[in-house]
Amino acid sequence: MNVNQSAPPVPPFGQPQPIYPGYHQSSYGGQPGTTAPPTPYGTYNGPVPGYQQTLPQGVSRAPPSSGAPPVSTAQSPCGQAAYGQFGQGDVQNGPSSTVQMQRLPGSQPFGSPLAPVVSQPAVLQPYGPPPTSAQVTAQLAGMQISGAMAPAPPPSGLGYGPPTSLASASGSFPNSGPYGAYPQGQAPSLSQAQSHPGVQPPQRSAPPLASSFTPPASGGPRMPSMTGPLLPGQGFGGPPVSQPNHVSSPPPQALPPGPQMTGPPGPPPPMHSSQQPGYQLQQNGSFGPTRGPQPNFGSPYPGAPTFGSQPGPPQPLPPKRLDPDAIPSPIQVIEDDRNNRGSEPFVTGVRGQVPPLVTTNFLVKDQGNASPRYIRCTSYNIPCTSDMAKQAQVPLAAVIKPLARLPPEEASPYVVDHGESGPLRCNRCKAYMCPFMQFIEGGRRFQCCFCSCINDVPPQYFQHLDHTGKRVDAYDRPELSLGSYEFLATVDYCKNNKFPSPPAFIFMIDVSYNAIRTGLVRLLCEELKSLLDYLPREGGAEESAIRVGFVTYNKVLHFYNVKSSLAQPQMMVVSDVADMFVPLLDGFLVNVNESRAVITSLLDQIPEMFADTRETETVFAPVIQAGMEALKAAECAGKLFLFHTSLPIAEAPGKLKNRDDRKLINTDKEKTLFQPQTGAYQTLAKECVAQGCCVDLFLFPNQYVDVATLSVVPQLTGGSVYKYACFQVENDQERFLSDLRRDVQKVVGFDAVMRVRTSTGIRAVDFFGAFYMSNTTDVELAGLDGDKTVTVEFKHDDRLNEESGALLQCALLYTSCAGQRRLRIHNLALNCCTLLADLYRNCETDTLINYMAKFAYRGVLNSPVKTVRDTLITQCAQILACYRKNCASPSSAGQLILPECMKLLPVYLNCVLKSDVLQPGAEVTTDDRAYVRQLVTSMDVAETNVFFYPRLLPLLIVVKQEDKLEMLFKHFLVEDKSLSGGASYVDFLCHMHKEIRQLLS
Ligand SMILES: [Zn+2]
């Protein structure tokens, strides 16, 4: 069976170009709305029996206001938007002068006394076993940092298509926009910052060879360090550089004797007198022969061997050796990818293609594999055997966003209706019909591409095959030619064999003293009056099918009858919170248009009714219980929107106590801070999932509210948590309202079950995200919106086959906003390899980081944070050591060699290690950490990328508030040493290098 299909260039059915006002450009890499031209799709061939084209679902009206950021932001101690990196637009981080100027004195000792580095010889890199003595070596060639001026040449035929026109780069990054606001001469433009003015970049397409290094940790702005001409040994020694698969990186390079370096004066390092610059200084087994004491380095890696390993009396700083320009720069990698891959559509017809980076704005043409907007993988080429996979330690995972919103230029999945017979599936493994199924025996049977079972084709689905064995109607049927599509589900796919009712939204508003005092209740009620007109609708529906209901509460609950026939809303109070019931059925969930007058009256009255409240205590679990019972009584799925202000200390189920204790940080009990303090919420969540009751929680705390416990139900029901510490209307209303609008308008799939099937040889073994699982295979989601991802890890259970590759099929059964039961199918074919180099050439670091962060963030629930951090570091070192051992050409031990696809792995991983969950600063609260932990759990790759490596705002914008924002900014300077002891980028690279050497020795 060969599944390496390639579809014809243009699928004959035209793909409509629906408009999705709900789509926010910023979700796709945060770029300002650069839209590519519409893609030239062919025309639709007309309806085919059995295939009913329906309108793509989606909202088709404008949101009430624009500019909602893709993800809510959190706050750390009142007023500090510590997690405000989302939605910041065109911002930047990176080894620029901005970073340098913020460097603290404490980090000074680190970068400076680095040892000379041996650069990676520029050689033709065979992607096979370690090269033999025939290897061409150019010992004096500089480092291969492909990120500098010219892009790395693409790996031939693998993943990276031919470089496209540079002129049509998609983004405006980096020289326009806010960054351009720097006064000239203060901050070099990015391209300037990446090159040496004194050295002409090579006039060829190979990566330029960086040469000497200046230390980044000098405390001064990062300025070009080379003033002279190219030094011997720094130039382009060796054959043309064609080593696209790896980049050797920062380890300090030995300088030939001679001046040429600017930088703080100082004596040359003692061991620097070698006659062979660039090579022999690294043989002493320690990284950096000339090193003073490293008083601060111990903290990031307590217990680890110290970095310099040569404690001694303080020495004057030697000349700087490490050139920050030679360190792989995320900004450069991002920019290069935009230039190379942003101008042409990503066509999914070929198996195992690595998509453009999430930071690149690109269009997708579905020709048989799911778009990377739906599925991204850590590697698009999987080792054939588990032994290989274990050797490499590269996690095999897919980050799946089944309901991802698409840009307007891309068609959302077709809906296929097979009538009463329902979707065609494999009899044995139950996989759904897809482009990889093989039709045989003249079309009367098909062989399952997942389990190889031979199935009969039902008479109504029969079609003849052409001379290539393909069905002649293949391109008329989405399920035979596209990577993603939907099936209408039959009643067999419905709960209790009954088609579902449209879902309902219930707004549950805390009206205790704090909520009233801050103006929250008034603001919210005012907003809801208009927002209710924008509930999600499907296709061309005139109005939303979603019904709404209202509850207010403090330590009792108030239900409201807003039946359209009433002149005024009626309140019913339930004070028996221990045994929650819903006091009314008729009139609680209503159609907005029918009951508009009553609802408006209610929303006008709520702030007045509780204006004089003195009630400060609240309940929480009974509120969720009430909403869930109401949905149960109405026999529908739905979503609860909870607006809550305080720790629920009132006597009731789910009552909580304040157990915040910062003294637990860095102890074995730290994990308890992330665990819920009672099991009651898991039990409640399970009931909610069974009912298809998704819970979105908006928190407005003035103090500790135990986010770790309160977020359990949202987390297990596919919901979202938003947090606004010390909410003040004047400061926070914009952010809150934009979050709220976006949240309410989101298209959501309800009562969903997701299953990931794989072809023989691998299987899904682990899942990360906001969901519930009652068995080992089915991901249950009370609700799933277009922002939520599920990260799935795969393991081998047999040998894979290079020829047939590996297949994934993600099937999501859900109820649409209009109450239609559907199946959304995503298919993806991956390559399989017997050479490790093929694995390393087809990895995606952003997706690896997404997986590793989620893995670590779950780990802190059960293990000491230090253990989790060490595990991450070890895994990263193993990945890189395996590459070095098996894929890179032999080179000096003193050299750090990184695979091209993973050259940003160290910097990004260091950002994860320094994040508030794994290394909290003094200003980070327990609630912040719990909040971030759950937030990251369902992030997609674009979100984790910008979350862990935030792009910085230009300083000019915030210069007036410098005091308040200084801490915030330091938080974002992820390449610097952090206040909480996190290592700088350079330090971490060196540490990683040492770990790798230990593994290889
Ligand atoms: Zn099968």
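Miscellaneous remarks
- Residue count, the range 454-467 (criterion: among the aromatic types (Phe, Trp, Tyr) and crowded, with 16+ Cβ neighbours inside 10 Å): 1
- Number of the exception - ILE331 against (1) modelled with pLDDT under 95; (2) assigned to a loop (DSSP other than H, G, I, E, B): (2)
- The residue list ALA752, ALA764, ALA685, ALA690 contains one member that is free of Cβ contacts under 8 Å to residues at least 24 places away in the same chain, touching a strand residue (DSSP E or B) at 6+ places or on another chain (Cβ under 9 Å) and either within 16 Å of the ligand (Cβ to nearest atom) or not in a loop (DSSP other than H, G, I, E, B) (or both), which is ALA690.
- Residue that is nearest to the ligand (Cβ to nearest atom) [pool: residues in the range 437-448 that are within 36 Å of the chain's Cα centre (by Cα) and part of a strand (DSSP E or B)]: GLN447
- The condition of being surrounded by 18 or more Cβ atoms within 10 Å (Cβ to Cβ) and free of Cβ contacts under 8 Å to residues at least 60 places away in the same chain holds for VAL548.
This table checks each residue for (1) touching a residue at least 60 places away in the same chain (Cβ under 8 Å); (2) within 20 Å of the chain's Cα centre (by Cα).
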| site | (1), (2) |
| --- | --- |
| LEU872 | no, yes |
| CYS876 | yes, yes |
| LYS885 | yes, no |
| PRO890 | yes, no |
| GLY894 | yes, no |
| GLU900 | yes, no |
| PRO906 | yes, yes |
| CYS911 | yes, yes |
| LYS914 | yes, yes |
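- Of the strands (runs of 3 or more DSSP E) lying entirely inside the range 786-890, those containing at least 2 residues that are over 26 Å from GLY349 (Cα atoms) are 806-815.
- Selected residue (only one of CYS429, CYS434, CYS451 is part of a loop (DSSP other than H, G, I, E, B), buried (at least 20 other Cβ atoms within 10 Å of the Cβ) and within 16 Å of the ligand (Cβ to nearest atom)): CYS434
- Test: residue in the range 582-594 that is modelled with pLDDT under 95 and surrounded by 22 or more Cβ atoms within 10 Å (Cβ to Cβ): yes
- Residue match in the range 382-389 (condition: touching a strand residue (DSSP E or B) at 6+ places or on another chain (Cβ under 7 Å), more than 11 Å from LEU839 (Cβ to Cβ) and of a type in the set (Gly, Ala, Ser)): yes
- Some residue of the range 471-484 being away from the ligand (no atom under 14 Å from the Cβ) and in a strand (DSSP E or B): yes
Here's the yes/no breakdown for (1) surrounded by 23 or more Cβ atoms within 10 Å (Cβ to Cβ); (2) under 21 Å from the mean Cα position of the chain (by Cα):
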position: ASN702; (1), (2): no, no
position: LEU710; (1), (2): yes, no
position: GLY718; (1), (2): yes, yes
position: MET754; (1), (2): yes, yes
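- Residue pairs whose Cβ atoms lie under 9 Å apart, sitting 6 or more positions apart in sequence or on different chains, and linking a residue in the range 777-792 that is closer than 23 Å to SER379 by Cα to a partner that is acidic (Asp, Glu), are ASP787/ASP940; ASP787/GLU943; LYS788/ASP940; THR789/ASP940; THR789/GLU943; THR791/ASP766; VAL792/ASP766.
- Filter pass, ALA411 being more than 29 Å from ARG763 (Cα to Cα), in contact (Cβ under 8 Å) with a residue 60 or more places away in the chain and hydrophobic (A, V, I, L, M, F, W, C): yes
- The set of residues from the range 399-426 being outside any loop (DSSP other than H, G, I, E, B), more than 16 Å from the ligand (Cβ to nearest atom) and in contact with a strand residue (DSSP E or B) (Cβ under 6 Å, 6 or more places away or on another chain) comprises VAL399, ILE400, VAL415, VAL416.
- Filtering ASN731, ASN702 for residues that are in a loop (DSSP other than H, G, I, E, B), out of contact with any strand residue (DSSP E or B) (no Cβ under 6 Å at 6 or more places or on another chain) and over 17 Å from PHE641 (Cβ atoms) leaves a single hit, ASN702.
- From the list THR385, THR378, the lone residue that is of a type in the set (Val, Ile, Thr) and surrounded by fewer than 24 Cβ atoms within 10 Å (Cβ to Cβ) is THR385.
The values are calculated or read from the model by the stated rules, or taken from the named source; none is laboratory data. Worth saying up front: this structure is predicted, and the values here are computed from it rather than measured. Heads up, the Cβs are rebuilt from the backbone with ideal geometry, glycines too, and the neighbour counts pull from every protein chain shown.
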